[in-house]
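Notes follow the structure.
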Amino acid sequence: MVKTGGRVQERSFLHRMAMNPITILMYRGRRQTIRTYETIEDKMNKYRLTMAEDQLCELQDEFTCSVCLDTLTDPVTIPCGHNFCLKCLTDCWEKSQESSCPQCRENFTTRPALRRNNLLNEVIQKLKKTTLSSPSSQNYAGPGDVECDFCTGKKFRAVKSCLPCMASYCQTHLQLHYEGDARKHHKLTDPDRNLKEKLCEKDQKSLEIFCKTDDSCICMMCGVTEHNGHKMVELETEREEKQKQLGATLSDIKRKLEEREKTLKETRRAMEEIKMSVAREVEENEKSFTALIQCIEEAHRKLTERIRDQEKREMEKAEGVMERLDKEIEELKRREAELKELSETKDHLHFLQWSYWRIAGLLVFRTPSSSQLAPSGVNATSLELQGGGSGLQRCTLGVD
């Protein structure tokens, strides 16, 4: 960028390239030049490395235990010719009632004695040393890893991706990639399986610049043709600017997040206070109504006792009246019988002598009035109920 007259003018290398038409032609043939630059020696090195990797993979497959699917450890050979780890085969036969080959299922009448195959064990140990010292000791690509585009057979995990070459490389093939002079200055990135997304859909060139006018990533060819005269910057420059905007956005989000968390915390505290207040109110009401219920029950108990006492007194009084009446009735019946007998006698003298005294004796009995016979507890009970109602009102006022 050049500062002129207080203004900042951006003059990227694309503007300078656009001034020379030969540059465009050279750029169009750049990918073809890169492809043809590879020497025969590079191809031979790749071929030798690939052959060595394939041979090691084949040997590892031959020396793999079919039980644990790993390289043989303390290998043993059984009569059918198959090899297994000593521990794997021993565990397998101990769990089974019969002795058979876990791979071909051949049964053995007598369980073979298991002895370590020393020759095979030495070969495996040498193979392990060769494998560890060879380039193939790199990690194989697993689920989610980017595979090397130049490995054959079992592929290694890529360590870098080259945008101009549109390929990913393991550690070994990456060294071969640097041997070509035309590729020494290629821009490498972290392994990426979506390299095609970083190509221009029109020119199939890598997206290396950013057009601020159209707000899009473009390739160099588009920069000198369709976007000629537009405001363009390198991806790193635009990234820095966008990174600042992103930082400001993140700061704003962080501020809003803190505000929301603070509001949430205050709301939770208010909810806890509401719960505590309600709990206190419920407890106080519980105590008040418990006291009211106790007061009502006590008033009910006392009133019931008074009613029962009144009932007892009235019943005793009524029983006394009934007892007296029973005696008088019995006496009256006896005298009635005597008078009937007297009225039927033929002896006039006897009738006259006794009738006077009997009639005079009847006058002594007086018939009790209705007021004397009826219990007097009805009115008293009504008064007691009124008194109990006043006590209940006092309990209610105490609760309020």
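The values are calculated or read from the model by the stated rules, or taken from the named source; none is laboratory data. If you're wondering where the values come from, they're calculated on a predicted model, not measured in any experiment. Glycine also receives a Cβ, built like all others from the backbone with ideal geometry; neighbour counts cover every protein chain displayed.
Could you please let me know if Thr225 is touching a helix residue (DSSP H, G or I) at 6+ places or on another chain (Cβ under 9 Å) and of a type outside the set (A, V, I, L, M, F, W, C)? Here the answer is yes, as Thr225 does meet what is asked. Comparison of Lys256, Lys231, Lys244, Lys275 shows that the only residue that is in contact with a strand residue (DSSP E or B) (Cβ under 8 Å, 6 or more places away or on another chain) and more than 24 Å from Cys162 (Cα to Cα) is Lys231. Residues that are over 15 Å from Cys65 (Cα atoms) and surrounded by 13 or more Cβ atoms within 10 Å (Cβ to Cβ) within the stretch 94-106 comprise Ser99, Ser100, Glu106, listed in sequence order.
Conditions tested, residue by residue: (1) exposed (fewer than 15 other Cβ atoms within 10 Å of the Cβ); (2) touching a residue at least 24 places away in the same chain (Cβ under 8 Å); (3) not aromatic (Phe, Trp, Tyr).
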| position | (1), (2), (3) |
| --- | --- |
| Lys196 | yes, yes, yes |
| Asp214 | yes, no, yes |
| Gly223 | no, yes, yes |
| Gly229 | yes, no, yes |
| Arg239 | yes, no, yes |
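Would you point out the residue of the stretch 144-173, among those that are closer than 30 Å to Asn83 by Cα and assigned to a loop (DSSP other than H, G, I, E, B), that is modelled with the lowest pLDDT? Let's see the steps before the verdict.
As a first pass, look at the stretch 144-173 and keep what is closer than 30 Å to Asn83 by Cα: 151-156.
Next, from what is left, pick out any that are assigned to a loop (DSSP other than H, G, I, E, B): 151-155.
On the way: Cys151: 83, Thr152: 77, Gly153: 74, Lys154: 78, Lys155: 83.
That would be Gly153.
Screening the stretch 7-126 for helices (runs of 4 or more DSSP H) wholly inside it with 3 or more residues that are modelled with pLDDT of 80 or more returns the ranges 86-95. Scanning the stretch 169-185 for residues that are touching a residue at least 24 places away in the same chain (Cβ under 8 Å) and surrounded by fewer than 17 Cβ atoms within 10 Å (Cβ to Cβ) yields Gln171, Glu179, Gly180, Asp181, Ala182.
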